[in-house]
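Before any comments, here is the structure.
The values are calculated or read from the model by the stated rules, or taken from the named source; none is laboratory data. Note that this is a predicted model, so its numbers are computed, not measured. Ideal geometry is used to build each Cβ from the backbone, glycine not excepted, and the neighbour counts take in all protein chains shown. Keep in mind that these areas ignore ligands, DNA and RNA; they rest on the heavy atoms of the full protein, side chains included. Shrake-Rupley method; radii C 1.70, N 1.55, O 1.52, S 1.80 Å.
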Amino acid sequence: MKIGFLYAGQGSQSVGMGKDLYESYSEFKETFDNANPGFDLKDCCFNGPIDKLGQTRYTQPCMVAFAVGVTKLLSANGIKPEYAAGLSLGEYSALYSSGVFEEKQVIDLVAYRGMCMEEAVTGRDVGMIAVMSLDRDLIKKACKQAEEEFADSPYHVAEVANYNTPVQVTVSGDTPVITRAGEIMTEMGAKRIVPVAVSGPFHTSLMKPAGDKLAERFKGESFGDMMFPVIFNSTGMELEVGKTIPEMLELQVQSSVYFEDTIRYMINQGVDTFVEIGPGKTLSGFVKKIDRGLTTYSVENVESLNTVLEALK
């Protein structure tokens, strides 16, 4: 058995997340009590409201604090991965698990990241859609066609944000443009187009201002060595020779997430057991759509943690 950790990203958050873990485990409680991202993290996680928890400046530190706490619990019980990856924001949690970031550092970093991403598109009508069962090339073609139709408008962006599974890809950008792109994709044969509840056009060129600010912030941060490989969103592979982690994180915020490619890479390295860390089971579902023969677990509360400990400890 070879274990891979998968860390959830934005969109998985839910009011009450982590409350039973906080009340049951001192390691988890310590993480939440010590986190100081500029707002009451415990209150936001435990009490919401969901509209606040869903705003990226709050979502990001809440999700990462949850991930840090669970990672500590798994580690205390001898459960560590041989590879790790995360969906979007989850990449920061994966890097924490591998030893690149310290606990306080990673929560502070994603709080800053959330503010930068929010500020990048303030006042702009943006969104994200999930496209079901359409070829990657056709999706990119539809996006290009929609952008061309809006070429004379200052709001003309529709880009692929996430390659999640063979049958699900997300597109993000300016709302009128992605709406038009969705219509074109339906005409091309897409099975379904579904709005995604995120607060910005993440992983598109509209996030370049956030990438620039992160690059500047990283100049003052220290990055530890990875204890085990993290598979990066923007390539679906391990860190390539000549590349640095700060460069990858700057790129990640404004380029597509190759999650399907990431999972396939981990499978090729022998990973056969995936542990999803975060509220919900979104990533476990993605893994099963990529390869139904894989074993998946998720840790989102005390009950699911106990299941994982019993199975893997």
Set of lysines with alpha-carbon distance to K144 below 30 Å, sequence-local pairs under 8 removed: K191, K208, K213, K243, K289
Accessible surface, 1.4 Å probe, highest first, among residues M188, M227, M128: M227, M188, M128
Convex hull (Cα only) mean projected area of the chain, reported in nm² to one decimal: 15.3 nm²
Note, ³J(HN,Hα) from phi for region 210-227, Karplus 6.51, -1.76, 1.60, rounded to Hz, x at Gly and Pro: 5, x, 5, 5, 5, 4, 5, 4, 5, 4, x, 9, 9, 10, x, 6, 6, 7
Dimensions (Å) - region 100-156, Cα atoms, principal axes, largest first: 45, 30, 16
GNM result for the chain, Cα springs below 10 Å: residue of E30, E300, E276 fluctuating most strongly: E30
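As a check on your grasp of the helix formula, calculate [θ] at 222 nm for the chain: sum -39500 (n - 2.57) over DSSP H runs of n ≥ 4, divide by the residue count, round to the nearest 500.
Using -39500 (n - 2.57) per qualifying helix, the result is -14500 deg cm²/dmol.
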Centre separation in Å (Cα based) which lies between region 98-164 and region 15-55: 26 Å
Neighbourhood net charge (13 Å Cβ-Cβ; Lys/Arg +1, Asp/Glu -1) for V169: +1
Phi to ³J(HN,Hα) by Karplus 6.51 cos²θ - 1.76 cosθ + 1.60 over region 257-273, Hz, x for Gly, Pro: 9, 9, 6, 4, 4, 4, 5, 5, 5, 4, 4, 5, 8, x, 5, 10, 10
Unit charges at the beta carbon, dipole of the chain: most positive-side option, V110, F274, A142: F274
Selected from V68, V302, V157 as most flexible by GNM, with the chain as the system and alpha-carbon contacts under 10 Å: V302
Proximal charge balance of M237 [Cβ under 12 Å; K/R count +1, D/E count -1]: -1
Distance from region 255-281 to region 198-221 (C-alpha centre basis), Å: 23 Å
Share of pairwise Cα separations in region 3-148, more than 20 Å, in percent: 52 percent
Percent accessible area from carbon and sulfur atoms, the chain, protein chains only, probe 1.4 Å: 48 percent
Built amide H within the under 5 Å cut-off of Y297, gap 5+: F274, V275, E276
